[in-house]
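Presented below is the structure to which this report refers.
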């Protein structure tokens, strides 16, 4: 089923009420761009940071910090010298 919708001057899209009959107010969507096509998909769940306890968030940060980082060349002493930082 296809319907034509239009962008207003602010870039907002007004969708017909019959398309949204099964969607509850304040439902959050992700917007994915595939070339010139826009795809709206409802979020499956609330973001981790909104539902996690402080202990769970701290554990997640520790786990992220422990991840192996990709190899990268070290910065030279000149690159991190005080004189170079303010140039």
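Kindly indicate which of 58, 22, 79, 44 is in a helix (DSSP H, G or I) and at negative phi.
58
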Restricting the stretch 30-39 to residues that are under 14 Å from the mean Cα position of the chain (by Cα) and surrounded by 10 or more Cβ atoms within 10 Å (Cβ to Cβ), the one farthest from residue 20 (Cα to Cα) turns out to be 32
Exception for residue 42 within (1) within 30 Å of residue 6 (Cβ to Cβ); (2) surrounded by fewer than 10 Cβ atoms within 10 Å (Cβ to Cβ) falls at (2)
### Query
Among the residues of the stretch 49-60, is any within 20 Å of residue 3 (Cα to Cα) and either more than 17 Å from the chain's Cα centre (by Cα) or loosely packed, with under 10 Cβ neighbours inside 10 Å (or both)?
no
Within the stretch 2-19, residues being modelled with pLDDT under 85 and at positive phi number 0
Residue set 51, 36, 30; condition in contact with a strand residue (DSSP E or B) (Cβ under 6 Å, 6 or more places away or on another chain) and without any contact (Cβ under 8 Å) to a residue 60 or more places away in the chain; output residue 30
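The values are calculated or read from the model by the stated rules, or taken from the named source; none is laboratory data. If you're wondering where the values come from, they're calculated on a predicted model, not measured in any experiment. Methodologically, a virtual Cβ is constructed for each residue, glycine included, from the backbone with ideal geometry; neighbour enumeration extends over all protein chains shown.
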